[in-house]
Amino acid sequence: MKLASSSDLYKMRHSAAHVMAAAVCRLFPDVQLDIGPPTDEGFYYDFDVPHRLSPDDFAAIEEAMKAFIAEDHPFERIEVSRAEAEQMIRDMGQRYKLERLADIPADEAITFYKCGEFVDLCRGPHVESTGGVKAFKLLSVAGSYYRGRETNPMLQRLYATAFPTDKLLRVHLKQLEEAKLRDHRKLGKELDLFSLQEDVGPGLIHWHPKGARIRSVIEEYWRNEHFEGGYEMLYSPHLGRAGLWETSGHLDFYAESMYAPMEIDENKYFVKPMNCPFHIKIYQSHKRSYRELPLRWAELGTVYRYEKAGVLHGLLRVRGFTQDDAHIFCTTEQVESEIAQAVKFAINMWHTFGFTEITAYLATRPDKAVGENERWEQATASLEAALQAEQIPYETDVGGGAFYGPKIDLKVKDAIGREWQMSTVQFDFNLPDRFDLTYIGEDGHPHRPYMIHRALLGSLERFFGIMVEHYAGAFPVWLAPEQVRVLPLTEKQLDYANAISKQLQAKRVRHTVDERSDKIGAKIRHAQLAKLPYMLIVGPQEAEQQTVSVRARPHGDVGSMPLASFMDTLLGEIDSRSLVTTCSPVRKETTA
């Protein structure tokens, strides 16, 4: 959820953005201003300024901000006519603001906010005076195309954050530092999990063997859980004729995010941005009866969407990704139980992957919507009943649903407290109408089915990036691409190490044997950098006694044990999908 515009934090961050812009104007001449909104994480302001801003400028800007805050200028709201606003902006020489003025609807009030010598076209709200801006910090600067269009001038976006107290700011800055250490792009390279190849194309992920191994484990678990949950798997094409996307409405409402068409046999084809229309066509492949419903159909379907280059970000924002998609077709009587099952399914899956803090948001009907009120009311009530049945804390996002149906969004917190928008359970009253979906009811007449979109992980790419950061690359043993590494002390223990390897292989344990001639300390350090769950060190004593010396993450040396005992522990962790290594240090008995 975005910060509510009425919240105190929103007002303070919005005011801090004006203070920052005022400071930049004091320090650098000939500044052209664009916009400066608050965000969930802080605030930013876009500048067109001849001086190239860099972190070297941050101290000076912050000092100028502190001075402006100390002057305690009141925020004065000034309401003017459109003609007066245009003249004011021309007098200030702010060309971007003139274009922003044109965006304001004719029936909306036009307001400026003044604090000291700084005046900005702005809806507000703000704190009473600049003295109400408390703990703040400049964070970074980046390029940003005006209005997000690559054909427009490149502006400089200055990012910052603000909190009511220094303590809250310190906590946030510490979280940001931890996030840098956990950055999935950095860890992805260090652990050899994935890469992006610019000469192939931005936003297109190459999965390396280790990353692909983890992905295959995720997919196998995902499929098995779906089969157990009464779903069937679908596979659909990667492209379809233009007529399909015209019927679905994508060419009317989503064309900017779709790749340009290709012509095949004198017909236009588009690569798919979504899987939904294909699942609908399968539904339409023959007449459906109420006896068949509910139909629960899932697909790991790869889709392609054009994202602007400026918003691409590692695995978190890409142009080609695989959705863990599902669609449920059901009757009116089945809606509530299907929603409850989908929500419970999502929560169980997140718990399995180690995410336990989950918050739900119930988004209701917006002003402009399709579908009868009765269907909206029933669908919304079903969503709410499912949340209450599972005792999930939730907030109501009034009017926040899509035009085609209400939805539940699940957000999860990671290991350092960041919240991520992930699972969605979404009603759709639009596509069943557009494709004229029906089933024959018990009364022998055709009826419109309910259609529910449902994604648990969202996309495998984004989920994987978040999971890398959640675990800081140290995956639990059931997910780790390499679960065990066998480290022979010298070449003389290679035969025993290879015998252990055979036993591990027989149990399908992912492992390697480090046959290098390096000293054991170097081998251990190499394995630690790879963030392996387990190392088995074998020297002459272990070879003679048929034991292994175990090092477990994060315990370190946990002592020597029979190989069979270690195997029992390891396989138990894998089978139970344990999130921790349960081998713990061996207690040494003491004598009086």
Residues that are of a type in the set (G, A, S), at least 3 per element: which helices (runs of 4 or more DSSP H) completely within region 213-316 meet that?
242-248
Hits in region 391-400 (condition: open to solvent by 60 Å² or more (accessible area, probe 1.4 Å) and under 14 Å from E357 (Cα atoms))
Q391, P393, Y394
Which pairs have Cβ atoms under 9 Å, sit 6 or more apart or on different chains, and link a residue in region 512-532 that is outside any loop (DSSP other than H, G, I, E, B) to one that is among the β-branched types (V, I, T)?
T512/V484; T512/V486; V513/V486; V513/I500; I520/T490; I520/I537; K523/I537; I524/I537
When residues of region 401-427 are filtered for being open to solvent by less than 20 Å² (accessible area, probe 1.4 Å), hydrophobic (A, V, I, L, M, F, W, C) and within 17 Å of the chain's Cα centre (by Cα), how many remain?
5
Would you point out which residue out of E573, E491 is within 33 Å of the chain's Cα centre (by Cα) and either open to solvent by less than 40 Å² (accessible area, probe 1.4 Å) or not small (G, A, S) (or both)?
E573
Just to be sure before I move on: is T590 polar (S, T, N, Q), open to solvent by 30 Å² or more (accessible area, probe 1.4 Å) and either touching a helix residue (DSSP H, G or I) at 6+ places or on another chain (Cβ under 7 Å) or at pLDDT 95 or above (or both) in the structure I sent?
no
Which members of region 380-398 meet the condition of being under 20 Å from M451 (Cα atoms) and either part of a loop (DSSP other than H, G, I, E, B) or of a type in the set (A, V, I, L, M, F, W, C) (or both)?
A381, L383, A385, A386, L387
Keeping to region 161-197, report how many residues are open to solvent by less than 50 Å² (accessible area, probe 1.4 Å), more than 19 Å from A142 (Cα to Cα) and part of a strand (DSSP E or B).
3
What number of residues in region 353-379 are outside any loop (DSSP other than H, G, I, E, B), farther than 27 Å from E225 by Cβ and open to solvent by 30 Å² or more (accessible area, probe 1.4 Å)?
5
Filter region 94-107 for residues that are surrounded by fewer than 18 Cβ atoms within 10 Å (Cβ to Cβ) and under 15 Å from I35 (Cα atoms) and give the result.
R95, L98, E99, R100, L101, A102, D103, I104
Identify, please: which residue in region 45-69 is among the hydrophobic types (A, V, I, L, M, F, W, C) and open to solvent by 30 Å² or more (accessible area, probe 1.4 Å) and is, among those, nearest to S129 (Cα to Cα)?
A67
Scan region 35-44 for residues that are open to solvent by 30 Å² or more (accessible area, probe 1.4 Å) and either modelled with pLDDT of 95 or more or not polar (S, T, N, Q) (or both) and report the count.
5
All positions within region 242-299 that are closer than 29 Å to Y221 by Cβ, in contact with a Ser or Thr (Cβ under 9 Å, 6 or more places away or on another chain) and of a type in the set (F, W, Y):
F278
Restrict the check to region 214-235 and report whether at least one residue is of a type in the set (S, T, Y), farther than 30 Å from K531 by Cβ and open to solvent by 50 Å² or more (accessible area, probe 1.4 Å).
yes
Please determine, by comparing only the residues of region 236-257 that are modelled with pLDDT under 90 and under 25 Å from the mean Cα position of the chain (by Cα), which one is surrounded by the fewest Cβ atoms within 10 Å (Cβ to Cβ).
E256
Considering only residues that are out of contact with any Leu (no Cβ under 9 Å at 6 or more places or on another chain) and assigned to a loop (DSSP other than H, G, I, E, B), look in region 6-34 and name the one that is modelled with the lowest pLDDT.
S6
Which members of region 461-488 meet the condition of being among the aliphatic types (A, V, I, L, M) and either without any contact (Cβ under 8 Å) to a residue 24 or more places away in the chain or open to solvent by less than 10 Å² (accessible area, probe 1.4 Å) (or both)?
I466, M467, V468, V477, L479, A480, V484, V486, L487
For region 538-568, what are the residues that are open to solvent by less than 20 Å² (accessible area, probe 1.4 Å), within 28 Å of A472 (Cα to Cα) and assigned to a helix (DSSP H, G or I)?
F566, M567
Does region 498-515 contain at least one residue that is in contact with a Phe, Trp or Tyr (Cβ under 8 Å, 6 or more places away or on another chain) and crowded, with 22+ Cβ neighbours inside 10 Å?
no
Go through region 150-160 and give me each residue that's closer than 21 Å to V31 by Cβ and outside any strand (DSSP E or B).
N152, P153
Out of L410, L431, L437, I need the residue that is touching a residue at least 12 places away in the same chain (Cβ under 8 Å), of a type in the set (A, V, I, L, M, F, W, C) and within 30 Å of H470 (Cα to Cα). Which one?
L410
Enumeration of residues in region 108-160 that are among the β-branched types (V, I, T) and surrounded by 18 or more Cβ atoms within 10 Å (Cβ to Cβ):
I110, V119, V127, T130, V133, V141
When the residues of region 166-216 are narrowed to those that are acidic (D, E) and more than 22 Å from H511 (Cβ to Cβ), which ends up modelled with the lowest pLDDT?
E198
When both residues are 6+ apart or on different chains and their Cβ atoms are under 7 Å apart, which pairs have a first residue that lies in region 11-28 and is farther than 11 Å from A160 by Cβ and open to solvent by 10 Å² or more (accessible area, probe 1.4 Å), and a second that is of a type in the set (V, I, T) and part of a helix (DSSP H, G or I)?
L27/I61
For residues that are acidic (D, E) and touching a residue at least 12 places away in the same chain (Cβ under 8 Å), scanning just region 202-251, find the one that is farthest from A342 (Cα to Cα).
E219
Can you name the number of the only condition in (1) touching a residue at least 60 places away in the same chain (Cβ under 8 Å); (2) surrounded by fewer than 20 Cβ atoms within 10 Å (Cβ to Cβ); (3) in contact with a Ser or Thr (Cβ under 8 Å, 6 or more places away or on another chain) that E336 fails?
(1)
Any hit, region 396-410, residues being of a type in the set (K, R) and either touching a Ser or Thr at 6+ places or on another chain (Cβ under 7 Å) or modelled with pLDDT of 90 or more (or both)
yes
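The values are calculated or read from the model by the stated rules, or taken from the named source; none is laboratory data. This one's a predicted model, so the numbers in the text were calculated from it and none came from an experiment. Positions of Cβ are generated from backbone atoms using ideal geometry, with glycine treated the same way; all protein chains shown enter the neighbour counts. Side chains included, ligands, DNA and RNA excluded: accessible areas come from the protein's heavy atoms. Shrake-Rupley method; radii C 1.70, N 1.55, O 1.52, S 1.80 Å.
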